[in-house]
1. Sort out for me the helices (runs of 4 or more DSSP H) sitting completely within region 5-78 that have 2 or more residues that are at pLDDT below 95.
2. Which numbered condition in (1) closer than 30 Å to Lys24 by Cβ; (2) surrounded by 10 or more Cβ atoms within 10 Å (Cβ to Cβ) is the only one that Glu52 fails?
Amino acid sequence: MQPQETQTQEALVQINFRLPSEMKKLVERAAIASGQSLRDFATQTLLTRANEVLEHQQVRTLTDRDRDLFLALLDSDAGPNEALRAAAADYQRYLKQS
């Protein structure tokens, strides 16, 4: 075995999971329809979905001004305003409906 092959093999990891037989048959049919092996289809589908999930995560970064304002609000003794009280009431109603 050449050094390059050894390095590639060491980089590979295995993921194991079980599926009900009907789900596996469905995935196999989809793999065949796409012209891929089951392994290639499952790998590509898993990677595509992982990228979609990560792309849709939103990361919020505050400017220095916004950070300072946020921290000042946390430190203040001001109580909730009317909009915040209304939002909390809406949320409580939502929880009761769920």
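1. 38-55, 64-75
2. Of everything listed in (1) closer than 30 Å to Lys24 by Cβ; (2) surrounded by 10 or more Cβ atoms within 10 Å (Cβ to Cβ), Glu52 misses just condition (2).
Residue-by-condition table, conditions (1) open to solvent by 80 Å² or more (accessible area, probe 1.4 Å); (2) in contact with a strand residue (DSSP E or B) (Cβ under 6 Å, 6 or more places away or on another chain); (3) farther than 30 Å from Asn16 by Cβ:
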position	(1), (2), (3)
Leu38	no, no, no
His56	yes, no, no
Val59	yes, no, yes
Ala72	no, no, yes
Arg93	yes, no, yes
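The values are calculated or read from the model by the stated rules, or taken from the named source; none is laboratory data. No experiment lies behind these values; they were computed from the predicted model shown. Because the Cβ atoms are built from the backbone with ideal geometry, glycine has one as well, and the counts that use them run over all protein chains shown. Each accessible area value is taken on the protein alone, full model and side chains, heavy atoms only, with ligands, DNA and RNA left out. Shrake-Rupley method; radii C 1.70, N 1.55, O 1.52, S 1.80 Å.
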